[in-house]
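The values are calculated or read from the model by the stated rules, or taken from the named source; none is laboratory data. Predicted model, so just to flag it, every value in this text is computed and none were measured. Cβ: placed from backbone, ideal geometry, glycine included. Neighbour counts: every protein chain shown. With ligands, DNA and RNA removed, areas are computed over all heavy atoms of the protein, side chains included. Shrake-Rupley method; radii C 1.70, N 1.55, O 1.52, S 1.80 Å.
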Amino acid sequence: MSCQVRVNVKLNPQFINMLTEDIKKAGMLTMTDAKDDITNSQTVPFDNGPLQNDAFVVYIPDSYFIRVCLVYGEPYARYQYFGLTRDGKPLNYQTVNNPYARSHWLEPYADGVFLTEHFNKNLKKVREGG
């Protein structure tokens, strides 16, 4: 025996657009929270400040996803992050300005716990008009 079920779902485009904007705002706030937490943790290698202090949050338009990224824009950021010189030799981080300076400073965020908690909090705040 077969059964056919036909369902029509009509979504309000204004609501979808509003929700999309709210998610984008919450994402921007969440990445800013992560940037601030990373700075406060003093794990980014810091000599005179450009790597840590010039990091920025950016929204990247995409037709399928809402993408918000934390960008370390200094040309040497990749080498610092992976703990290697351009020649592939290990870096020895000075810890005068940031006592916990190390490579892979984003690793604590990879499990998604911090980002999920902050995104949920920020989305609620944005949806409530805060």
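Descending by average beta-carbon neighbour count within 10 Å, the peptides 27-38, 82-93, 119-130 line up as 27-38, 119-130, 82-93, the highest first.
Averaging the sequence gap over all C-alpha pairs within less than 8 Å and six or more residues apart, then dividing by the number of residues, gives the chain a relative contact order of 30 percent. Note the angle between two axes, namely the Cα long axis of helix 113-127 and the longest principal axis of the Cα atoms of the chain, as a number of degrees from 0 to 90, rounded to the nearest 10. The helix 113-127 is inclined about 50 degrees to the chain. Heavy-atom surface analysis with a 1.4 Å probe gives segment 1-117 a carbon and sulfur content of 54 percent of its accessible area. Here the Karplus curve 6.51 cos²θ - 1.76 cosθ + 1.60, taken at θ = phi - 60°, turns the phi angles of segment 25-36 into couplings of 4, 5, x, 4, 5, 5, 5, 5, 4, 5, 4, 5 Hz, with x standing for Gly and Pro. Annotation: peptides 95-102, 43-50, ranked by per-residue average of other Cβ atoms within 10 Å with the highest first, follow the order 43-50, 95-102.
Here the simple spin-label model places points 7 Å from the Cα toward Cβ, and for Val9 and Tyr64 these points are separated by 1.8 nm. Modelled spin-label separation between Asn97 and Gln42, with each label point placed 7 Å from Cα along the Cα-to-Cβ direction: 1.4 nm.
Taking the Cα centre as origin and putting +1 on Lys and Arg beta-carbons and -1 on Asp and Glu beta-carbons, what dipole magnitude results for the chain, to the nearest 20 debye?
Here the size comes out at about 500 debye.
Less than 5 angstrom separates the built amide H of Thr43 from none of the residues sequence-distant by 5 or more or on a different chain. For Thr116 and Asn17, a Förster radius of 30 Å and the Cβ-Cβ distance give a FRET efficiency of 0.80, rounded to the nearest 0.05. Of (1) 1.17; (2) 0.97; (3) 0.93, which is the value of Rg/Rh (Cα atoms, Kirkwood Rh) derived from the coordinates here? Identified label for the calculated read-out: (1). Segment 92-122 and segment 1-52 have Cα centres lying 18 Å from one another.
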